[in-house]
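The values are calculated or read from the model by the stated rules, or taken from the named source; none is laboratory data. These figures come from a predicted structure and were not determined experimentally. Here the Cβ is made from the backbone with ideal geometry for all residues, glycine too, and neighbour counts use every protein chain on show. To get the accessible areas, we keep the full protein, side chains included, count just its heavy atoms, and leave off ligands, DNA and RNA. Shrake-Rupley method; radii C 1.70, N 1.55, O 1.52, S 1.80 Å.
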Amino acid sequence: MNKKLVLKLSEIGAVKFGAFTLKSGMVSPIYIDLRLLGSYPGLLKIVAKEMKKKLDALRYDRIAGIPYAALPIATALSLLINKPMIYTRKEQKEYGTKKLIEGEYKSGETAVVIDDLVTTAKSKFGAIEPLLAEGLVVKDIVVLIDREQGGREQLLEKGYNLHACLPLKKMLKFLLKEGKMDRQKYGEVLDFLKANKA
């Protein structure tokens, strides 16, 4: 685990502790906001280098970013590794080409899905679906952070491999050791992750 990267993410406020209402309506003691990376090009470059280590072990033709948080990450990776990038849209265009996938690709090519983090696999399945519908092959998903709440297991059930740079529990242990969170909050977050595993 890249400890310097974990500290930098903490410093820019990408990892926050408190009480946060999530999209699901659930109140979480931790919030991870990797949309901030686009405002820190130096840190974005470090993230791309870290994720490249995972990609180096895989065989693929192009990378596929998931909107919105992963688009700067996927772009930085594409520039770093010199591999073409495509991305899935959240909604189909009502005009022009009416595409669900932006960028150039050919049926039969293998795409690695790039995202900022994984909680459950729901958003990953939603992004993979249009890729498969266009004849692309998807075997691997690469993320920066695994919240360790069941996403890996759900993906594996459907035959997809998850490659995560930073497991959240290791990050938390390190942030506690570095005095970036107190023991009470540490216990609270671990309890939350355990109680809300898919």
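Some notes on this structure:
- Considering region 122-134, the residues that are without any contact (Cβ under 8 Å) to a residue 60 or more places away in the chain and open to solvent by less than 30 Å² (accessible area, probe 1.4 Å) include one that is nearest to residue 189 (Cα to Cα), namely 124.
- All positions within region 145-162 that are open to solvent by less than 20 Å² (accessible area, probe 1.4 Å), more than 22 Å from residue 101 (Cα to Cα) and not polar (S, T, N, Q): 145, 146, 147, 150, 151
- Within region 20-44, the set of residues being touching a residue at least 40 places away in the same chain (Cβ under 8 Å) and either touching a Lys or Arg at 6+ places or on another chain (Cβ under 6 Å) or of a type in the set (Val, Ile, Thr) (or both) comprises 30, 32.
- Among the residues of region 152-198, the ones that are touching a Gly at 6+ places or on another chain (Cβ under 6 Å) and over 21 Å from residue 20 (Cα atoms) come to 0 in all.
- Scanning region 170-186 for residues that are more than 19 Å from residue 12 (Cα to Cα) and either acidic (Asp, Glu) or exposed (fewer than 13 other Cβ atoms within 10 Å of the Cβ) (or both) yields 183, 184.
- Unmet criterion (only one of (1) touching a strand residue (DSSP E or B) at 6+ places or on another chain (Cβ under 7 Å); (2) part of a helix (DSSP H, G or I); (3) more than 18 Å from residue 31 (Cβ to Cβ); (4) aromatic (Phe, Trp, Tyr)) for residue 105: (2)
- Within region 105-131, tally of residues that are under 10 Å from residue 62 (Cβ atoms) and either modelled with pLDDT under 95 or hydroxyl-bearing (Ser, Thr, Tyr) (or both): 2
- Counted residues, region 7-65 - those being open to solvent by 70 Å² or more (accessible area, probe 1.4 Å) and not aliphatic (A, V, I, L, M): 17
- A single member of 142, 189, 137 is closer than 21 Å to residue 76 by Cα and either surrounded by 13 or more Cβ atoms within 10 Å (Cβ to Cβ) or aromatic (Phe, Trp, Tyr) (or both), and it is 142.
- Test: residue in region 100-119 that is within 23 Å of residue 36 (Cβ to Cβ), among the basic types (Lys, Arg) and open to solvent by 10 Å² or more (accessible area, probe 1.4 Å): no
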